[in-house]
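Values in this text are rule-based calculations from the coordinates and carry no lab data. No experiment lies behind these values; they were computed from the predicted model shown. Counting neighbours? That spans all protein chains shown, and the Cβs are built from the backbone with ideal geometry, glycine included.
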Amino acid sequence: MAKTSPWVALRVGWALALGALTSACSPAVPATPSYATNVRPIFESHCTRCHGDGPDGGMLNRARQPTGPDAGPLTSDPVAPLICYLNQYDDTNCAPVGADCHRGAQYCGTTLGSMLSMRLHGSILPMPPPPAPRLDDWELLVVDNWIASGAGP
Ligand code: HEC
């Protein structure tokens with residue numbers, strides 16, 4: 001019978017060590033993730049540099065676009081009420097749609113849940129846009145579970 005080569009043993013050892021490391025680094029995906037604890041950090045690392053309403057908000061923050069094609073009050077743009085500011089939970093000031101309408105992540109995750117999923121998973125108009133890396137499998141599962149469980153705070 002052939003002896004196990006030391007190289008094979010080494011590789012098996014590496015695979016086991018890597019497996020242990022990987023499982024240690026990926027906490028279980030919560031079944032009912034919360035926006036504040038689980039989802040917001042993901043949006044902050046991938047999305048809010050464009051979809052943010054604060055001083056560090058990005059290109060989709062109309063308040064930061066005094067001139068150019070994105071300028072003006074939100075209500076002047078028929079698409080604006082759909083824009084989600086992913087660094088906040090509530091869709092404050094949006095009922096009725098006012099001059100300061102900020103659709104929050106809650107709105108994006110519930111009413112527009114299928115669009116959020118489509119942008120995160122699909123290849124048509126993917127988010128974040130290329131060349132930014134897409135969410136990894138763990139992050140996708142967290143957001144999927146958040147939407148499926150009602151996009152709670
Ligand atoms: C580099 C800037 C940028 C980043 C980063 C980015 N987006 Fe977007 N996003 C845009 C732009 C510009 C649009 C409007 C054009 C369009 O619909 O494709 C948009 C549109 C969207 C829309 C449809 C309109 C809306 O706001 O509801 C969704 C949903 C969306 N993005 C989700 C995300 C999510 C989730 C992330 C992070 C995982 C993300 N985006 C990251 C620039 C960005």
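Can you give the local net charge around Met118? Use residues other than it whose beta-carbon is closer than 15 angstrom to its beta-carbon, Lys and Arg +1, Asp and Glu -1.
+1
In whole Hz and in residue order, list the ³J(HN,Hα) couplings for region 126-134 that follow from phi through the Karplus curve 6.51 cos²θ - 1.76 cosθ + 1.60, θ = phi - 60°; x for Gly and Pro.
With the stated coefficients, region 126-134 comes to x, 10, x, x, x, x, 5, x, 7 Hz.
Tell me, what is the FRET efficiency for Met115 and Ser26 to the nearest 0.05, using R0 = 35 angstrom and their Cβ-Cβ distance as r?
0.80
I'd like the FRET efficiency for Ala148 and Arg49, computed as 1/(1 + (r/R0)^6) with the beta carbon distance as r and R0 of 25 Å, rounded to 0.05.
So, using R0 = 25 Å, E works out to roughly 0.40.
Under 13 Å from the Cβ of Pro33, count the other residues' Cβ atoms, weight Lys and Arg +1, Asp and Glu -1, and hand me the total.
Once all neighbours under 13 Å are counted, the net charge is -1.
Amide H of Gly104: which non-local residues (sequence gap of 5 or more, or other chain) have their own amide H closer than 5 Å, using H built in the peptide plane?
Close amide H contacts, sequence-distant or interchain: Tyr85, Asp91, Thr92.
At a 10 Å Cβ-Cβ cut-off, how would you order Met127, Met118, fewest neighbours first?
Met118, Met127
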